[in-house]
1. All but one of (1) buried (at least 19 other Cβ atoms within 10 Å of the Cβ); (2) without any contact (Cβ under 8 Å) to a residue 24 or more places away in the chain hold for PRO215; which doesn't?
2. Of the residues VAL392, VAL309, VAL293, which single one is closer than 23 Å to GLY35 by Cα and modelled with pLDDT of 90 or more?
3. Can you tell me which of GLY119, GLY139 is out of contact with any strand residue (DSSP E or B) (no Cβ under 9 Å at 6 or more places or on another chain), not hydroxyl-bearing (Ser, Thr, Tyr) and not in a helix (DSSP H, G or I)?
4. Looking at segment 314-332 only, could you name the residues that are in contact with a helix residue (DSSP H, G or I) (Cβ under 6 Å, 6 or more places away or on another chain) and not hydrophobic (A, V, I, L, M, F, W, C)?
5. For segment 218-240, which positions are surrounded by fewer than 17 Cβ atoms within 10 Å (Cβ to Cβ) and β-branched (Val, Ile, Thr)?
6. Among the residues of segment 241-272, which ones are loosely packed, with under 15 Cβ neighbours inside 10 Å and without any contact (Cβ under 8 Å) to a residue 24 or more places away in the chain?
7. Can you say whether ILE208 is in contact (Cβ under 8 Å) with a residue 40 or more places away in the chain and either assigned to a helix (DSSP H, G or I) or under 24 Å from GLY75 (Cα atoms) (or both), as far as the supplied structure shows?
8. Being free of Cβ contacts under 8 Å to residues at least 40 places away in the same chain, surrounded by fewer than 18 Cβ atoms within 10 Å (Cβ to Cβ) and in a loop (DSSP other than H, G, I, E, B) is true for just one of ILE111, ILE172, ILE184, ILE159. Which residue is that?
Amino acid sequence: MASTVAITEQLGSQAAAKAFTLTSAVWFAFATSFGMIAAGYLIAPEFMANIEFIQFGRVRPIHVNLVLFGFVTPGLLAAALYYTPRLLRTQLYSQRLGVISAMLWNLTLVISVISLGMGYSQGREYAELPWAVDIMIAGLFGLVIFNLFMTVHRRQESILYVSIWYSCAAVILTAVGYCLGNVIWKPDSGALLGIPDAILLWFYGHNIFGLLLTPLALGVAYYVLPLANRRPLYSHTLTLIGFWSLIVVYTHVGTHHLLQVPVPTWLKAISIVDSVGMVIPVMVFLINIWFTVKGKLGDIHADIGAKFVFTGTIMYFFANIQGSFMALPQVQRVTHFNNWVVGHAHLGVFAFAGITALGGLYFILPKITKKPRYRRSLADLQYWLILIGVSVMIIELTLVGLLPGNARLNGETISRVLPEVHLYYVIRASAGLFILAGAYLGLYNIVRTLFFNPGAATE
């Protein structure tokens, strides 16, 4: 125990984790702001339509990319940059490199917003960013990979805890997948032609969630929840099964978005089987983590960070059940090409990975600042605002997706159901106000903790 304490004291500055924490909090506020503008257009299509920079076709990709790369990914990376040195009983290879990475990350996000707002887009789902920005993002992942892997190389702990496995796999797989999915070897178009482009795009688009956000979020959960409960992880064997089954199974599920187009049948079959097979890594993880916290939910409630993370695991369960279900061809005939899929994306990216990221930030915040969180009450309020907002939004999007889905199945035109859809869009925007309030409340709480909150050191 004494040696562990000594090593902890030697870990030094947490500048890298602080930088990515602030990055996540700031861009969460911006991402939700752009999301609200997009929601306004769905209610009133002429809403600020004369302002080119914030037209729906530009605001929507800004919102999506800021959620992915501005809010969720930096939030999860902040936690990874904190727990990696501790689990390895060594210092982060370079705090300076971590801070530089965060600064360049923010610069890239600013350029992304300006580029998309000016209409420079590749027009591909989750891959809208121009070629030059793609190169910058790939380079940023390279910096993070180098910092994490050099830290692993210098470790004093021989056993690699599962969180290390997940964080390292996430960044290196994403670096490769991002380059492939964004076709960075073709700067003129950033795309292939026809069906091959669609296949490659959805290989990338789904793996942004499955091989970036999911492993990073699971790594955070595996770190936070056992510590919050002061209890060892239920089963190390299950972590290995969950890790390798996720890597093997998830890689090929993206094609289930293309069941309605002339993609080779064998590829569709693989995507359907693997989509259903996702039950294995998800349930293995949930059994492992829920058995770890069994009988200790009071400790979960007492720690706001663990509270967020545990809620994220529940959302992960629902995201998997829904995802496996909607990958079935007969189900897709109703659920695809409408807001059902949008609701599922919000469930996976925001309700699972985003809430987990917030939990990781709140868990490490007192540790990287050496002082208490500014206001636990504000964090609790943010929790309920976000939980209510995202839950209502997901339920609403799921229901509203059934209206045009059934209309299309019955051979009707979508125009018939548009008056009914309008009410749901109003509900969606109202739910978004809860999330928006939660984002700015969290930003205030985190900034006050980082810079303006004198208090006793806590660890």
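The values are calculated or read from the model by the stated rules, or taken from the named source; none is laboratory data. Remember, predicted model here, so these are calculated numbers, not experimental data. A quick note on method: Cβ atoms are made from the backbone with ideal geometry, for glycine too, and the neighbour counts reach across all protein chains shown.
1. Against the list (1) buried (at least 19 other Cβ atoms within 10 Å of the Cβ); (2) without any contact (Cβ under 8 Å) to a residue 24 or more places away in the chain, PRO215 comes up short only on (2).
2. The unique qualifying residue is VAL392.
3. Result of the check over GLY119, GLY139: GLY119.
4. Across segment 314-332, the qualifying residues are TYR316, ASN320, GLN322, SER324.
5. THR237
6. If the condition is that a residue be loosely packed, with under 15 Cβ neighbours inside 10 Å and without any contact (Cβ under 8 Å) to a residue 24 or more places away in the chain, then TRP244, VAL248, PRO264, THR265, TRP266, ALA269 are the ones that fit.
7. yes
8. So the residue among ILE111, ILE172, ILE184, ILE159 that is free of Cβ contacts under 8 Å to residues at least 40 places away in the same chain, surrounded by fewer than 18 Cβ atoms within 10 Å (Cβ to Cβ) and in a loop (DSSP other than H, G, I, E, B) is ILE159.
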